[in-house]
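The values are calculated or read from the model by the stated rules, or taken from the named source; none is laboratory data. This one's a predicted model, so the numbers in the text were calculated from it and none came from an experiment. All Cβ positions, glycine included, derive from the backbone under ideal geometry; neighbour counts span all protein chains shown. Heads up: the accessible areas ignore ligands, DNA and RNA and are worked out on the full protein's heavy atoms, side chains in. Shrake-Rupley method; radii C 1.70, N 1.55, O 1.52, S 1.80 Å.
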Amino acid sequence: MGVRSETTAIRRKLLSWYDKNRRDLPWRRRADDPYAQWVAEIMLQQTRVETVFAYYEPFLKLFPTVDILARAKSKAVLKAWEGLGYYRRILHLHRAARMVCEGGGGIPTTGGELRELPGVGEYTAAAVASIAFGRPEAAVDGNVARVISRLVQLPLPPSAPAGKKAIHEIAATLLDRKRPGDFNQAWMDLGSMICTPRAPKCEQCPLLAHCAAGRAGDAESYPQRDTNKRIVVRPMR
């Protein structure tokens with residue numbers, strides 16, 4: 001199979017798997033609401049999905065739009081976030097909401113513009129841009145980095161500059177331009193449900209035929225932690 005054909009097959013198989021197996025998450029029911037996606041991604045920073053369940057809908061009930069959040073008192077916003085932790089996130093979100101409303105242009109639609117808001121990093125910006133606005137931007141979190149590391153048997157840890165660069169390039173190459181938001185979320189679900197850090201369910205993986213580590217029976221050796229190995233990256237075009 002040629003590289004281009006393999007890329008097409010990976011996109012098709014991953015999206016087909018996602019359409020049948022996607023997790024039913026509350027923010028996915030609000031995919032057409034950029035503000036709701038933004039709130040979800042901020043809550044999910046450094047926080048388990050299960051923990052966010054208890055806070056997401058109550059927060060949006062209190063602050064259903066970016067305008068209402070922007071006008072809210074800091075005390076009320078902090079109270080709604082109480083118990084979720086990492087309070088700098090909500091301080092940044094509240095400030096960013098005010099910036100958006102003062103600017104008058106609405107929530108930014110591209111990753112580059114979103115990254116200019118406080119509290120919005122590379123991953124969060126790409127996730128919101130792709131899911132809420134259909135922008136072809138690859139969102140790479142820990143799950144995605146792990147899956148791609150195994151897919152190509154990446155000989156560097158994702159935390160190394162060269163490893164991070166390689167993973168982002170592969171993610172961008174494989175990204176389905178027609179369904180970028182779904183594709184990004186499919187990577188995340190695959191990493192959470194199948195390609196887990198320990199005891200990955202390789203026999204259930206829709207990408208096993210394309211996964212170098214899975215075929216070698218060596219998935220748990222990736223992502224690599226040894227930074228002294230020579231870089232040999234399996235190309236994806």
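Along the Cα→Cβ direction, 7 angstrom out, place labels at Met99 and Ala209. What is the inter-label distance in nm?
4.6
Of all the C-alpha pairs in the range 59-188, what % are more than 24 Å from each other?
In whole percent, the long-distance tail amounts to 40.
Report the calculated FRET efficiency for Lys164 and Ala216 (r = Cβ-Cβ distance, R0 = 25 Å), to the nearest 0.05.
Computed FRET efficiency for Lys164 and Ala216: 0.60.
Using only helices, what value at 222 nm comes out for the chain when you add -39,500 (n - 2.57) per DSSP H run of length 4 or more and divide by the total residues, to the nearest 500 deg cm²/dmol?
-17000 deg cm²/dmol, from helical runs alone.
Quick one: with all protein chains in place, what share of the accessible area of the chain is carbon or sulfur, to the nearest percent (1.4 Å probe)?
Its accessible area is 51 percent carbon and sulfur atoms.
I need the peptides 120-132, 15-27 ranked by packing, meaning the mean over residues of other C-beta atoms within 10 angstrom, with the highest value on top.
Averaged packing, sorted descending, gives the order 120-132, 15-27.
What order, most packed first, do the peptides 175-188, 38-51, 79-92 have when packing is the mean number of other Cβ atoms within 10 Å of each residue?
175-188, 38-51, 79-92
Could you work out how far apart the two model spin labels at Arg71 and Thr110 are, taking each label as a point 7 Å from the Cα in the direction of the beta carbon, and quote it in nm?
With each label point 7 Å from Cα toward Cβ, the separation is 3.2 nm.
What is the range 11-159's relative contact order, in percent, from Cα pairs under 8 angstrom and six or more apart in sequence?
RCO, the range 11-159: 20 percent.
Per 0.36 nm of contour for each residue apart, how much would the distance between His92 and Arg28 grow if the chain were fully extended, relative to their Cα-Cα spacing?
Contour length minus Cα-Cα distance gives 20.7 nm.
On a full-extension model of 0.36 nm per residue, what is the gain between Val49 and Arg177, subtracting their alpha-carbon distance, rounded to one decimal in nm?
Answer, rounded to one decimal: 43.5 nm.
For the range 59-206, with every protein chain kept in place, what is the accessible area per residue (1.4 Å probe, Å²)?
Each residue of the range 59-206 exposes 45 Å² on average to a 1.4 Å probe.
Would you calculate the convex hull of the Cα atoms in the chain and tell me its volume per residue in Å³?
Here the figure is 124 Å³ per residue.
Give the lysines reachable from Lys178 as a straight Cα distance under 30 Å; neighbours fewer than 8 places away on the same chain don't count.
Leaving aside lysines fewer than 8 places away in the same chain, those within reach of Lys178 are Lys13, Lys20, Lys164, Lys165, Lys201.
Hey, what's the range 1-44 come to in accessible area per residue, 1.4 Å probe, Å²?
50
The range 184-206 to the range 157-173: how many Å between their Cα centroids?
Cα centroid to Cα centroid, the span is 19 Å.
Roughly how many Å is it from the Cα centre of the range 25-40 to that of the range 80-120, as a whole number?
Each part's Cα centre sits 14 Å from the other's.
For Lys61, list the lysines whose Cα falls under 19 Å from its own Cα; do not include residues on the same chain fewer than 8 positions away.
Lys61 reaches Lys73, Lys75, Lys79.
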